[in-house]
Amino acid sequence: MEEKIKAFMDEVKTRNGHEPEFIQAVQEVAETVIPYIAKHKIYNGKNILLRMVEPERLLSFRVAWVDDNGEIHVNRGYRIQMNSAIGPYKGGLRFHPSVNASILKFLAFEQVFKNSLTTLPMGGGKGGSDFDPKGKSDDEVMRFCHAFMLELSRHIGPNTDVPAGDIGVGAREIGFLFGMYKKIKNEFTGVLTGKGRSWGGSLIRPEATGYGTVYFAQSMLKTKDIDFSSKNVVISGSGNVAQYAAEKVLQLGGKVLTLSDSQGFIYDKEGINADKLAYVMDLKNNQRGRISEYIKKYPSTQYFKGEKPWNIACDIALPCATQNELNGNDAKILIKNGCLCVAEGANMPSTPEAIHEFHLAKILFAPGKASNAGGVATSGLEMSQNSLRISWTREEVDERLKAIMEDIHNSCIEFGKEEDGFCNYVKGANIAGFVKVADAMLAQGVI
Ligand code: NDP
Ligand code: 2IT
């Protein structure tokens with residue numbers, strides 16, 4: 001089996017050798033799915049996984065725009081249309097200076113499995129740009145989004161490819177992108193999700209990724225007869241996912257000790273309560289400030305510049321910032337300090353070495369493609385509401401989100417439970433996600 005996996009990865013590396021994040025994501029899937037394929041005859045000899053690692057289409061385009069001083073800038077725009085076997089391409093757009101083809105291919109690949117797990121009919125895609133919204137005026141962000149959509153609009157559509165937000169793309173950016181798409185096509189359609197409430201958005205979509213991650217962690221803890229009440233929770237990030245993960249943890253009686261951004265983390269040993277979280281939401285979403293400002297407002301707390309929060313003792317860790325933000329050493333520290341559950345709100349925040357440590361220690365560990373699927377699942381619910389031209393209540397959407405997260409948890413158990421009773425959620429998520437897409441690909445023939 002080792003040899004089969006190595007031969008497969010050698011082929012992937014030959015084609016994508018300069019794309020480390022993509023290779024990391026494929027390796028994790030290959031290690032769990034290739035042994036499953038070997039045991040299941042219908043998938044033998046079909047090169048299914050090899051077909052799945054090659055994007056159906058990879059678009060790269062120039063985005064030229066003018067800043068407030070009249071200077072012209074050029075960024076690179078992308079859309080990776082990875083797999084449409086079970087539905088239109090679906091996945092977020094990331095605006096961050098680190099964006100490149102490797103990062104977007106890893107995200108698009110993960111998205112295929114994640115979307116399959118949601119049980120909704122969505123294929124996988126991802127896109128974005130190396131544009132940095134930080135420090136730009138609203139007008140500059142608008143001009144960039146409009147220029148970006150001028151090209152992207154040729155390639156997407158409500159039945160073709162439906163983008164949404166990700167790092168650096170929130171409600172403001174989705175608004176500008178949607179406005180330009182509507183103007184170009186002269187059509188009001190559900191071509192993007194994460195839209196504002198008054199123009200086709202769904203209730204709970206802003207909250208969905210963070211809430212979903214905590215619902216998933218709740219299901220994991222329940223297998224050990226534990227809940228969130230009075231648990232110490234360490235969260236990284238302070239963006240969309242982190243904010244609503246924190247909100248749900250508070251609602252369930254947990255104590256949130258940390259939040260972070262790319263410059264450092266804050267530690268509030270009294271706990272970040274609802275009032276303090278409201279301050280963070282205003283700071284990040286309206287003032288677009290840095291998390292370090294928290295200690296000015298709450299002077300009895302601490303800020304650790306340039307550090308990550310994993311050395312703060314906790315029961316539960318929710319990495320909600322970005323890929324590879326939690327390494328093997330961080331994992332060892334978390335385990336040593338008694339952490340019993342790690343649920344990823346971000347995409348691939350734990351390195352392979354970290355996952356290895358979690359599995360060795362047999363603590364509860366959920367990969368993002370399972371635990372953060374609530375965001376895209378609720379995007380799927382937004383698409384359904386747009387198609388039906390109706391709007392569900394907050395409670396209705398939240399109930400559906402809860403049911404989907406429970407379903408994903410059950411799928412992980414079904415495919416990931418090992419002989420000693422330990423659930424390998426990585427294996428479970430990869431195989432459950434694979435089966436649905438592979439079956440559709442087999443049915444549709446070699447295309
Ligand atoms: P936001 O842009 O709202 O927030 C991102 C947060 O992560 C910020 O606090 C940001 O800090 C921090 N961050 C970004 N890059 C880095 C970095 N290189 N190192 C350390 N911190 C960093 O994004 P989201 O909250 O939407 O996304 C967070 C994660 O969740 C991503 O991995 C995304 O792919 C994933 N995700 C998002 C979903 C969604 O619906 N939005 C759905 C599923 C997954 P700073 O402000 O300093 O950059
Ligand atoms: O990584 C993700 O799942 C997202 N950024 C959300 C994608 C979506 O289409 O809602």
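No lab work stands behind these numbers, since they all come straight from the coordinates. From a predicted model like this one, the values you see are computed outputs, not experimental measurements. A quick note on method: Cβ atoms are made from the backbone with ideal geometry, for glycine too, and the neighbour counts reach across all protein chains shown.
Between Glu399 and His73, what is 0.36 nm times their sequence separation minus the Cα-Cα distance? Round to one decimal in nm.
That pair, Glu399 and His73, stretches by 112.9 nm at full extension.
Contact order normalised by length for the chain, with contacts defined as Cα pairs under 8 Å and 6 or more residues apart; what percent is it?
So the answer I get is 15 percent.
Counting just the Cα atoms, what span does segment 50-158 cover along each of its three principal axes? Round to the nearest Å and put the largest first.
47, 26, 21
Put +1 on the Cβ of every Lys and Arg and -1 on every Asp and Glu Cβ in segment 1-123; which of Asn44, Gly87, Ser102 then has its Cα farthest towards the positive end of the dipole?
Going by the Cα projections, it comes out as Asn44.
When DSSP assigns beta bridges and you keep just the ones with both residues in the chain, what percent turn out antiparallel, to the nearest 5?
The antiparallel proportion sits near 55 percent.
Would you kindly compute the Cα radius of gyration of segment 1-90 and its largest Cα-Cα separation (Dmax), both in Å?
Here Rg and the maximum Cα pair distance are 18.2, 63 Å.
In nm, to one decimal, how far is the modelled label at Thr223 from the one at Ala361, with both set 7 Å along Cα→Cβ?
Modelled inter-label distance: 1.7 nm.
Can you pull a Stokes-Einstein diffusion coefficient for segment 292-447 at 20 °C (1.002 mPa s), Rh from Kirkwood over Cα pairs, as a whole number of µm²/s?
Translational diffusion coefficient: 120 µm²/s.
Which log10 I(q)/I(0) values does segment 213-347 give at q = 0.10, 0.22 Å⁻¹ under the Debye formula, counting every alpha carbon as one identical point scatterer?
After summing over all Cα pairs, the log10 values are -0.28, -1.43.
Over the Cα atoms of segment 98-139, how large are the radius of gyration and the largest Cα-Cα distance (Dmax), in Å?
Values for segment 98-139 (Cα only, Rg and Dmax): 13.8, 39 Å.
Against the globular-protein guess of 2.2 N^0.38 Å, express the Cα radius of gyration of segment 94-193 as a ratio, rounded to two decimals.
1.07
Please work out how much length the chain gains when fully extended from Asn327 to Thr160, using 0.36 nm per residue of separation minus the C-alpha to C-alpha distance, in nm with one decimal.
Values: separation 167, 0.36 × 167 = 60.12 nm, distance 3.70 nm.
Full-extension gain reported as 56.4 nm.
Okay, which of segment 34-69 sit inside 11 Å, backbone N to the point 7 Å along the Cα-Cβ direction of Glu151?
The answer is 59-65.
Per the Cauchy relation, a quarter of the hull surface: what is the mean projected area of the convex hull of the alpha carbons in segment 225-288, in nm²?
For the Cα atoms of segment 225-288, the hull's average projected area reads 4.3 nm².
Once phi is turned into θ = phi - 60°, what whole-Hz ³J(HN,Hα) does the Karplus curve with 6.51, -1.76 and 1.60 give for every residue of segment 335-348, x standing for Gly and Pro?
5, 4, 7, x, 4, 10, 8, 10, 10, 7, x, 7, 8, 6
Work out the FRET efficiency for Ile413 and His18 from their Cβ-Cβ distance, taking R0 = 35 Å, and round it to the nearest 0.05.
0.40
By per-residue mean of other Cβ atoms within 10 Å, what is the highest-first order of 296-305, 249-258?
Ranking, from highest mean packing down: 249-258, 296-305.
Under 5 Å between amide hydrogens, which residues at least 5 positions from Asn424 or on another chain qualify, with H placed 1.01 Å from N in the peptide plane?
Correct list: Lys417, Glu418.
Would segment 76-123 count as rounded, prolate or oblate if I go by the C-alpha gyration tensor, calling it rounded below 1.5 in a/c and otherwise prolate when a/b exceeds b/c, oblate otherwise?
It is prolate, given that a/c is not under 1.5 and a/b is the larger ratio.
Would you compute the Debye intensity of the chain from its alpha-carbon atoms alone, equal scatterers and no solvent, and pass along log10 I(q)/I(0) at q = 0.08, 0.14 Å⁻¹ to two decimals?
These q points yield log10 I(q)/I(0) values of -0.42, -1.38.
With the radius of gyration and the Kirkwood radius both derived from the Cα set of segment 277-379, what is their ratio Rg to Rh?
Values: Rg = 15.1 Å, Rh = 15.0 Å.
Ratio value, two decimals: 1.01.
Say each of Asn273 and Gln302 gets a label point 7 Å from the Cα, pointing the same way as Cα to Cβ; how far apart are those two points in nm?
2.2
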